[in-house]
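To keep things clear, I will list the structure first and then write my remarks on it.
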Amino acid sequence: MTALLDAPTSAAEPTAAPILQARDLTKSYPLGETTVHALRGVSLSVAAGEFVALMGPSGSGKSTLLHLLGGLDLPTSGEVELAGEVISRLSDDRATRLRRDRTGFVFQSFNLIPLLDVTENIALPFTIAGQDPSRGELAARLGDMIELVDLLGKEHHRPDQLSHGEQQRVAVARALVTGPALLFADEPTGNLDYTTGNEILDALWRSCHERGQTIVLVTHDAKAAAYADRVLVVGDGRIRDTIELGRRADHDATVLIGRLAQLGL
Ligand SMILES: Nc1ncnc2c1ncn2[C@@H]1O[C@H](COP(=O)(O)OP(=O)(O)OP(=O)(O)O)[C@@H](O)[C@H]1O
Ligand SMILES: [Mg+2]
């Protein structure tokens, strides 16, 4: 009885609604006479404001899963619901719009435009949409992003005048400048040394912790995954384990490394 009385009511409980849900996703690729089963039935849910990492060995299906979650590709079966919309039920046009308006992507390679400076590269999503990013609210947002990724003073540098870590931070700012509901990052620190990688992870974590940005990060590096609130371990096209780390400002990887060792990873 006491337990019942003490139990928090659902109204009092701060339950963040899921912003992203995957239901029994499979993805198969025909390969000559055979079929590659990249995903064999993945279900997951990500709450708004959560930082989730996907870890697992090479070829386990992490990038495939990220692409399906972000609507870059469609599953063979199952469905993805992003910001309340089931992606596979949308027309191509609406799916493109959903992706453009609600998601941001950061990949291993930075994909910056060499002739554009830092500000212009970050402003690219606005320029492509035919908006003028040099004034008003958009200019304010650009300034805000440059500050978030710690590039004040480098606004007019071109990519070849930046370190690799700075270039990747420009890519992070460009992915975040439109205010996406979800940021997807696939090995964003893969080409970077340890310290430089940490600069990127710090920028991602600040966007999550200080601004409520929801993040799904793919990495094979436990030190990177330790920035997340929760780690999903992917193996052979399935989610093998979930490791709850909680929000921690020190990003200590000890607990995660211990759990991964228990799993034989
Ligand atoms: N377009 C494709 N055609 C055929 N097979 C594919 C294709 N894309 C991925 N695969 C296969 O699907 C499986 C999962 O690939 P995926 O890229 O998702 O792995 P990953 O976990 O991201 O690996 P890594 O850590 O090396 O990036 C692999 O066996 C891969 O060879
Ligand atoms: Mg991959």
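The values are calculated or read from the model by the stated rules, or taken from the named source; none is laboratory data. Here the structure is a predicted model, which means the values were calculated and not measured. With ideal geometry, Cβ positions are generated from the backbone for all residues, glycine too; neighbour counts draw on all protein chains shown. Note: accessible area is taken over every heavy atom of the protein model, side chains too, but ligands, DNA and RNA are not part of it. Shrake-Rupley method; radii C 1.70, N 1.55, O 1.52, S 1.80 Å.
A few remarks follow.
- Unique match (being part of a helix (DSSP H, G or I) and acidic (Asp, Glu)) among Asp93, Asp73: Asp93
- Being under 30 Å from His209 (Cβ atoms), assigned to a strand (DSSP E or B) and not hydroxyl-bearing (Ser, Thr, Tyr) holds for only one residue in Leu44, Leu68, and it is Leu44.
Here is a yes/no grid of residues against (1) away from ligand 1 (no atom under 12 Å from the Cβ); (2) modelled with pLDDT under 95; (3) over 30 Å from His251 (Cα atoms); (4) out of contact with any Asp or Glu (no Cβ under 6 Å at 6 or more places or on another chain):
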| site | (1), (2), (3), (4) |
| --- | --- |
| Leu54 | no, no, no, yes |
| His67 | no, no, no, no |
| Gly71 | yes, no, no, yes |
| Leu74 | yes, no, yes, yes |
| Glu79 | yes, no, yes, yes |
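- The set of residues in the stretch 138-158 that are over 22 Å from Leu201 (Cα atoms), open to solvent by 40 Å² or more (accessible area, probe 1.4 Å) and under 25 Å from the mean Cα position of the chain (by Cα) contains only Ala140.
- Scanning the stretch 46-78 for residues that are within 10 Å of ligand 2 (Cβ to nearest atom) and either out of contact with any Gly (no Cβ under 7 Å at 6 or more places or on another chain) or open to solvent by 40 Å² or more (accessible area, probe 1.4 Å) (or both) returns Leu54, Ser58, Gly59, Ser63, Thr64, Leu65, Leu66, His67.
- Residue selected from the stretch 99-116 under the condition at pLDDT 95 or above and open to solvent by less than 60 Å² (accessible area, probe 1.4 Å), by the criterion farthest from ligand 1 (Cβ to nearest atom): Leu116
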